[in-house]
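Participant: One structure, pasted below without further comment.
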Amino acid sequence: MDKNTLHNISYGLYIISSNYKDKYNGQIANAVFQVTSEPATIAISVNKKNLTHKYINKSKVFSLTILTIEAPLTFIGKFGFKSGRDIDKFKDTNYEIGKINAPIIKDYANGCIEAEVINQIDVGTHTVFIGNVVDAMLFDEKESMTYEYYHKVKGGFSPKTAPTYYKEVDKPKKEKEEKKMDKYICDVCGYIYNPEKGDPDNGVPAGTSFDDVPDDWVCPVCGAGKGSFSKE
Ligand code: FE
């Protein structure tokens with residue numbers, strides 16, 4: 001079996017949010033699809049280890065924020081690679097509370113859907129929650145982010161808790177022409193620093209070798225320091 005085949009399935013990129021009592025949490029998700037149109041029903045797959053899973057399981061409600069291609073890696077990293085147990089993900093996030101008391105995130109989003117859980121399926125590491133859509137709103141016309149765009153254009157990765165996570169360890173490594181232009185990978189989130197591209201959004205111009213990246217630079221996805229990187 002070639003498990004890489006599973007990687008040819010296309011996905012979008014979303015934030016699933018929920019609430020528990022007066023607390024809110026959200027996480028990046030790609031395993032989302034519409035099940036039926038009448039009545040409007042959607043399904044999501046959420047890892048049981050995630051705090052958002054706990055909140056949905058308690059409150060039986062969730063919101064689905066549809067991200068646009070403008071969402072930067074730092075924003076995705078906040079919701080995708082950090083836990084709501086450690087940080088308040090909503091502190092610097094533009095949101096309001098929707099009809100069912102779940103957060104409606106407005107940053108880098110072209111729409112948001114609110115749903116009430118009508119069924120759920122235990123699938124081992126994950127739960128598939130099926131939700132009846134109780135409200136939906138469009139914010140703008142910007143293009144939705146696909147998982148492929150996130151992966152190929154933005155250089156993003158999946159956390160280990162994602163339904164589609166797989167390790168890219170079997171790919172053959174190309175011979176490097178210049179040793180100092182090696183790529184470095186973040187041990188925390190899998191982001192790859194590519195010296196040819198640099199990290200211009202964070203003041204590191206294209207063509208900067210990893211050695212020359214400033215010591216106070218941090219991973220644009222998860223915020224880990226330079227010391228958390230190893231040669232790819
Ligand atoms: Fe990282």
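The values are calculated or read from the model by the stated rules, or taken from the named source; none is laboratory data. Being a predicted model, the structure only gives us computed values, none of them experimental. With ideal geometry, Cβ positions are generated from the backbone for all residues, glycine too; neighbour counts draw on all protein chains shown. The accessibility values were calculated without ligands, DNA or RNA, using every heavy atom of the protein model including side chains. Shrake-Rupley method; radii C 1.70, N 1.55, O 1.52, S 1.80 Å.
Participant: Exactly which trypsin sites (Lys or Arg not before Pro) in region 16-67 are in a DSSP loop and have at most 15 other Cβ atoms within 10 Å?
Facilitator: K21, K48, K49
Participant: Please compute the length gained on full extension between N8 and K49, using 0.36 nm multiplied by the number of residues separating them and subtracting their Cα-Cα distance.
Facilitator: 12.2 nm
Participant: Using only helices, what value at 222 nm comes out for the chain when you add -39,500 (n - 2.57) per DSSP H run of length 4 or more and divide by the total residues, to the nearest 500 deg cm²/dmol?
Facilitator: Computed mean residue ellipticity for the chain: -2500 deg cm²/dmol.
Participant: Can I ask one more? Sticking with the crude label model, points 7 Å out along Cα→Cβ, report the distance from M181 to K60 in nm, one decimal please.
Facilitator: It is 5.9 nm.
Participant: Let me ask something additional. With just the Cα atoms of the chain, tell me how far they stretch along each of the three principal axes, in Å, largest first.
Facilitator: Extents along the principal axes, in whole Å: 58, 43, 33.
Participant: Under a Cβ-only charge scheme (Lys and Arg +1, Asp and Glu -1), can you give me the dipole magnitude of the chain about the Cα centre, in debye to the nearest 20?
Facilitator: 840
Participant: Return the carbon/sulfur percentage of the accessible area of the chain, one whole number, probe 1.4 Å, all protein chains in place.
Facilitator: Carbon and sulfur atoms account for 49 percent of the accessible area of the chain.
Participant: Check which residues have an amide H placed less than 5 Å from I104's amide H, if you skip close sequence neighbours.
Facilitator: Answer set, sorted by chain and number: E96, I97, G98.
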